Amino acid sequence: MSALRVGVLAYPGCFASEVFGVPDLLTMATHIAGSDGSGYEVSIVSPRRRVAASGGAALDVTPLREVDVLVVPGFELLPGLDVDAELAPLAPEIAAIRSHAAAGTAVVSICVGAFLLAEAGLLNRRQATTAWLLADELARRCPDADVRPERLVVTDTGVTTTAAFSAMYDFALDLIRQHSGAGVARTTARVALIDDARSSQIPYVDARLLPQPGNEFSHKVMRRLDQNLAARYDLAALSDTFKVSTRTLLRRFAEETGQSPLEYLQSSRVRRARHLLETTNRTVAGISAAVGYRDPSTFAALFAKHTGRRPRDYRAAFRRVD
């Protein structure tokens, strides 16, 4: 067997330890396998010339290249943060993930790197996992995915997702087992003091850290808004749906999410518009109407505010060609 080409996608703010954790374990496996092993050819790749990881650590990167496996590390994402704001600057990386997947590359996310895969459209109609603390958020953002929060590693038709942080080693051991054999994987785990018999996140779940039951109200409001993206925003009607006053709805939603229902709706509409711009030939005016804006200029201004690009410029940069 030839060396397995593994690329780790570095991007601004990614966890440096998750950039190097898999390569380091693969290096150990190569030494353990000895001259009889096929080994691994690992590179840190990026669509950017310079990348600063979490904490400002500068990473040496090489241009994107053809690889057998593309690993997408995670980043700092805490419950309650604006996921759209965190992902918006990563459009080049999301496009790279999508391109590699279209070329047949196996794509792997570590921890909340799954949110980049979701944004690239790779989790639709697939099983997936991520950190247990954010599994509900991933399921909400990607309703077509079958999110399995109890699993450490999930592989579904060429796409692998893992649980938080140390689950990168569970994935790496699986990769070593497949490429170098069970014996090498077992010895690597022993040398590195890694538990190679884990199978679930459940023993690590701390219910005190999960979103409190009170957040169910905002989640219901979000689902209602998501299901009616094209409808005119009517705060009074929305309040009537949940049998509360407009003042109470605004207060409870803000307490649970830190934003207003309208702000959430705008973000959700932009997210849907991005998908339509990337995957369809519909006109900007048609997409504007599909996400609830009769005036394309109003839509274009909102879209630019959220993404930094006008709709036509966004489509030109990120249109998917399958």
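Which of the following residues is over 30 Å from Phe253 (Cβ atoms) and not charged (D, E, K, R): Ala103, Ala85?
Exactly one residue qualifies, and that residue is Ala103.
Output the number of residues of region 43-88 satisfying the condition of being of a type in the set (Ser, Thr, Tyr) and in a helix (DSSP H, G or I).
The first filter runs over region 43-88 and keeps only residues of a type in the set (Ser, Thr, Tyr), leaving 43, 46, 54, 62.
Then keep just the ones that are in a helix (DSSP H, G or I); that gives 54.
Total meeting the criteria: 1.
Please go through region 160-180 and pick out each residue that is open to solvent by 10 Å² or more (accessible area, probe 1.4 Å) and touching a residue at least 40 places away in the same chain (Cβ under 8 Å). Write out each step before concluding.
Going through region 160-180, the residues open to solvent by 10 Å² or more (accessible area, probe 1.4 Å) turn out to be 160, 164-166, 169-171, 174-175, 177-180.
If the condition is that a residue be open to solvent by 10 Å² or more (accessible area, probe 1.4 Å) and touching a residue at least 40 places away in the same chain (Cβ under 8 Å), then Thr160, Ala164, Phe165, Tyr169, Phe171, Leu175, His179, Ser180 are the ones that fit.
Any residue in region 150-158 that is β-branched (Val, Ile, Thr) and without any contact (Cβ under 8 Å) to a residue 24 or more places away in the chain?
At the first step, the residues of region 150-158 found to be β-branched (Val, Ile, Thr) are 153-155, 157.
From what is left, the residues that are without any contact (Cβ under 8 Å) to a residue 24 or more places away in the chain are 155.
Yes, region 150-158 contains at least one residue that is β-branched (Val, Ile, Thr) and without any contact (Cβ under 8 Å) to a residue 24 or more places away in the chain.
Considering region 33-77 alone, what residues qualify as being of a type in the set (Val, Ile, Thr) and open to solvent by less than 40 Å² (accessible area, probe 1.4 Å)? Don't jump to the end; show me each part of the working.
Within region 33-77, the first condition is being of a type in the set (Val, Ile, Thr), and the residues that meet it are 42, 44-45, 51, 61-62, 67, 69, 71-72.
Ile44, Val45, Val51, Val61, Val67, Val69, Val71, Val72, listed by residue number.
For region 45-65, which residues satisfy the criterion of being closer than 14 Å to Ile97 by Cα and aliphatic (A, V, I, L, M)?
Val45, Leu64
Residue-by-condition table, conditions (1) of a type in the set (Val, Ile, Thr); (2) at pLDDT below 90:
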| site | (1), (2) |
| --- | --- |
| Arg247 | no, no |
| Arg252 | no, no |
| Leu262 | no, no |
| His275 | no, yes |
| Arg282 | no, no |
| Ala285 | no, no |
| Val291 | yes, no |
| Pro296 | no, no |
| Phe299 | no, no |
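Mind listing whichever residues of region 114-140 are farther than 17 Å from Ser200 by Cα and assigned to a loop (DSSP other than H, G, I, E, B)? Spell out the reasoning first.
Within region 114-140, the subset farther than 17 Å from Ser200 by Cα is 114-126, 137-140.
The answer is Ala120, Gly121, Leu122, Leu123, Asn124, Arg125, Arg126.
Got a sec? Which of Glu263, Glu278 is open to solvent by 40 Å² or more (accessible area, probe 1.4 Å), part of a helix (DSSP H, G or I), on the phi < 0 side of the Ramachandran plot and of a type in the set (Asp, Glu)?
Values: Glu278 fails: open to solvent by 40 Å² or more (accessible area, probe 1.4 Å).
That would be Glu263, the only listed residue that is open to solvent by 40 Å² or more (accessible area, probe 1.4 Å), part of a helix (DSSP H, G or I), on the phi < 0 side of the Ramachandran plot and of a type in the set (Asp, Glu).
Name the residues in region 285-317 that are surrounded by fewer than 19 Cβ atoms within 10 Å (Cβ to Cβ), touching a residue at least 60 places away in the same chain (Cβ under 8 Å) and hydrophobic (A, V, I, L, M, F, W, C), would you?
Ala290, Ala317, listed by residue number.
Among the numbered conditions (1) touching a Ser or Thr at 6+ places or on another chain (Cβ under 8 Å); (2) more than 30 Å from Arg269 (Cβ to Cβ); (3) acidic (Asp, Glu); (4) surrounded by 18 or more Cβ atoms within 10 Å (Cβ to Cβ), tell me where Glu18 comes up short.
Among (1) touching a Ser or Thr at 6+ places or on another chain (Cβ under 8 Å); (2) more than 30 Å from Arg269 (Cβ to Cβ); (3) acidic (Asp, Glu); (4) surrounded by 18 or more Cβ atoms within 10 Å (Cβ to Cβ), the lone unmet condition for Glu18 is (1).
Taking the residues in region 304-322 that are in a helix (DSSP H, G or I) and modelled with pLDDT under 85 as candidates, determine which candidate is farthest from Ile94 (Cα to Cα). Break it down stepwise before answering.
Of region 304-322, the ones in a helix (DSSP H, G or I) are 304-307, 311-318.
Filter again for modelled with pLDDT under 85, leaving 306-307, 317-318.
On the way: His306: 16, Thr307: 13, Ala317: 12, Phe318: 9 Å.
Among residues in region 304-322 that are in a helix (DSSP H, G or I) and modelled with pLDDT under 85, the one farthest from Ile94 (Cα to Cα) is His306.
Need the failing condition index for Phe171 against (1) within 23 Å of His100 (Cα to Cα); (2) more than 14 Å from the chain's Cα centre (by Cα); (3) assigned to a loop (DSSP other than H, G, I, E, B), just the number.
(3)
Which of the following residues is open to solvent by less than 50 Å² (accessible area, probe 1.4 Å), within 30 Å of Asp313 (Cβ to Cβ) and either at pLDDT below 95 or not β-branched (Val, Ile, Thr) (or both): Leu152, Leu117?
Values: Leu152 fails: within 30 Å of Asp313 (Cβ to Cβ).
Within the list Leu152, Leu117, the selection yields Leu117.
Does region 78-89 contain at least one residue that is open to solvent by less than 10 Å² (accessible area, probe 1.4 Å), within 22 Å of Val22 (Cα to Cα) and in contact (Cβ under 8 Å) with a residue 12 or more places away in the chain?
no
Is there a residue being among the β-branched types (Val, Ile, Thr), closer than 24 Å to Asp170 by Cβ and under 21 Å from the mean Cα position of the chain (by Cα) anywhere in region 37-54? Even if it seems obvious, please write down each step before you answer.
From region 37-54, those among the β-branched types (Val, Ile, Thr) are 42, 44-45, 51; that's our starting set.
Still in the list and also closer than 24 Å to Asp170 by Cβ: 42, 44-45.
Then drop every residue that is not under 21 Å from the mean Cα position of the chain (by Cα), which leaves 44-45.
Scanning region 37-54 turns up at least one residue that is among the β-branched types (Val, Ile, Thr), closer than 24 Å to Asp170 by Cβ and under 21 Å from the mean Cα position of the chain (by Cα).
The values are calculated or read from the model by the stated rules, or taken from the named source; none is laboratory data. These numbers were taken from a predicted model, which means no experiment stands behind them. No Cβ is skipped: glycine too gets one built from the backbone with ideal geometry, and neighbour counts run over all protein chains shown. For the accessible areas, the whole protein counts, side chains as well, though only heavy atoms, and no ligand, DNA or RNA atoms are used. Shrake-Rupley method; radii C 1.70, N 1.55, O 1.52, S 1.80 Å.
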